[in-house]
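Comments concern the structure below.
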Amino acid sequence: MGHLNTFPLSYKVRGRRIVIIGGGEEALNKVRLVTKTTAQVVIVSRDIEADFSAFEVTVLERGFDPADLDGAALVFVAEESADAELAKQAARARHIPLNVVDVPAECDFYTPSIVDRAPLTVAISSEGNAPVLARLVRARIEAMLPPAFGKVARLAGSLRHRVESLIGDGAARRRYYEELVTSTQVATAVDASPVAGRFEAEVLLEGHVARGSAKGIVWLIGAGPGAEDLLTLRAQRLLQEADVIVHDQLVPDVVVDMGRRDAERISVGKAKGHHSFSQAQINTLIVRLAGQGKKVARLKSGDPMIFGRAGEEISALRKAGIDYQIVPGVSAALAAAADTATPLTLRKVSSGLIIATAHGADDSELRHWAALAQAGLTLALYMGKSTASDVAARLVAHGAGPLTPVAVIVNAGRHTMSAYSGDLRTLIGWQGTLADGPAIILVGEAVAAGDWAQAADLAAQTFKVA
């Protein structure tokens, strides 16, 4: 990680001036930004060309006078003129932070892209190197923070002394504030009126005080196929709230690290051929942690409800009376379809999708799958990497067409994804080596509609001797 050339901070401007030298479009752009503060904004220029009438600013249509910087917190120079040069010299002589628009080398500070949810602000800066990137990041954060978020933040601030008087434990206070700022009910109420928001916040506070100790909860979160940008916004938010993250072996560190920095991390290490925790032990662990009043993120690869054994964990939580919530994730079959532009259902070709595990499949299951494949449905087979050839042979033996299109996608949804395409006949004869990582086998006529231009051809390999 590189070192910063600037130090990000919030600078007090209340009761002071922000002086802008310039009367054109660049000056107007800065006015739009700085008038969001409580500072007095003063514009000085001999040539006032832009329309500043929509803003509460003082416009001085004249040359620059050093006295204009009296009480100034910041100075922006947004024109090239003799007055601009005088203003730069005066600002530096008085040690007032200076920003020269579009001249990074002359700037003491840069203006970041700002997400305004006052009193909450998020500033994104690229040190003047990539303002377009900063704006794109800002747009993403804007989408994550609802407009009422600022009102909720202001409400939280107004409750600080009351919360401290009623909840002595710091961790318990943090849990209250987390529930307050993430409550849809509170956000809706405070957006309607401050009084309604205060009422909902007080009800929430009374509940926390009445419980005495926080009530634990388990979030069963789908981590998706492994790419951190395929997490849902809800998953990201809950990972930031979790006290402890219990994660599977297949969940990459980059996803686990999206959790709160001080959250405890427990790897339950379930991988093929190596189970450091049995399922019963995992059930006991998450029940115990939630029973201690902790917020537990049970982080599972893909979607928790597809081959994630979530049903057993939910049963244990219900039996123990522990609250839980399911957060869906992108399952590997869907990631594989996206990676290869494969329509898993296709009009007049495939009317449905079957998700199954090839691991340990018996003849009755394979006979059923073969019939479904013949009927036009697409099969997405999980955990069949080591038995792919055998499964293909048994599907054909039970009536599936030997020329039925088939594909194997390894590490779906990740930058290390690799794909192999062919048909059931060629998969039977496959003797090559698949890339390391979990694999999905897609079978069905719709598979042929995918983009396999970069895929390895199964038919290019040597056939086994029958």
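Every number in this text was worked out from the coordinates using simple rules, so none of it is lab data. Just so it is clear, the structure is predicted and the values come from calculations on it, not from any experiment. With ideal geometry, Cβ positions are generated from the backbone for all residues, glycine too; neighbour counts draw on all protein chains shown.
Couple of notes before you dig in:
- When peptides 249-260, 40-51 are ranked by their average number of other Cβ atoms within 10 Å per residue, the highest-first order is 40-51, 249-260.
- Scaled radius of gyration (Cα, divided by 2.2 N^0.38 Å) that segment 96-172 gives: 1.53
- Both radii are taken from the alpha-carbon atoms of segment 196-300; with Rh as the Kirkwood radius, Rg/Rh is 1.05.
- From the alpha carbon centroid of segment 395-411 to that of segment 2-41 is 63 Å.
- Relative contact order for segment 38-191: 12 percent, from Cα pairs under 8 Å spaced at least 6 residues apart, divided by residue count.
- Label-to-label distance, residue 53 versus residue 178, with points set 7 angstrom from Cα along the beta-carbon direction: 5.2 nm.
- Taking only the C-alpha atoms of segment 333-460, the Rg (one decimal) and the largest Cα-Cα distance, Dmax (whole number), read 12.9, 37 Å.
- For segment 48-71 versus segment 178-212, the gap between their alpha-carbon centres in whole angstrom: 44
- Distance from segment 98-173 to segment 365-392 (C-alpha centre basis), Å: 51
- Per-selection Kirkwood Rh - the chain (Cα, Å, 1 d.p.): 27.0
- Compared with the dominant principal axis of the Cα atoms in the chain, helix 149-158 is inclined by about 70°.
- Note: relative contact order over the chain, using C-alpha pairs below 8 Å and six or more positions apart, is 9 percent.
- Full extension of the segment from residue 451 to residue 431, taken as 0.36 nm per residue of separation minus the current Cα-Cα distance, would add 4.9 nm.
- Measuring r between the beta carbons of residue 118 and residue 46 and using R0 = 35 Å, the FRET efficiency lands at 0.55.
- Summed residue charge, Cβ within 15 Å of residue 64's Cβ, Lys/Arg positive, Asp/Glu negative: -3
- Reachable aspartates and glutamates from residue 295, criterion Cα separation under 18 angstrom, eight or more residues apart if same chain: 169, 178, 179, 241, 243, 248, 257, 262, 264, 313, 323
- Mean Cα-pair separation over length for segment 214-348, i.e. relative contact order, pairs under 8 Å, 6 or more apart, %: 38
- Neighbourhood charge, 9 Å Cβ-Cβ cut-off, centred on residue 295 and excluding it, Lys, Arg +1 and Asp, Glu -1: -1
- Overall dimensions of segment 268-403 as given by Cα atoms, namely Rg and Dmax in Å: 18.3, 56
- Using distinct alpha-carbon pairs, which all enter the 1/r mean, Kirkwood radius of segment 149-211 in Å: 11.4
- Spacing of the modelled spin labels on residue 341 and residue 309, each 7 Å from Cα toward Cβ, amounts to 3.9 nm.
- Per-pair calculated FRET efficiency, R0 = 22 Å: residue 192 and residue 161 via Cβ, rounded to 0.05: 0.35
- Potential lengthening between residue 133 and residue 254 on full extension [0.36 nm per residue; Cα-Cα distance subtracted]: 41.4 nm
- Segment 21-84: C-alpha gyration tensor shape, a/c 1.5 cut-off, then a/b vs b/c: oblate
- For segment 385-440, the alpha carbon convex hull comes to 70 Å³ per residue, rounded to a whole number.
- At an R0 of 60 angstrom, the distance between the Cβ atoms of residue 325 and residue 25 translates into a FRET efficiency of 0.75.
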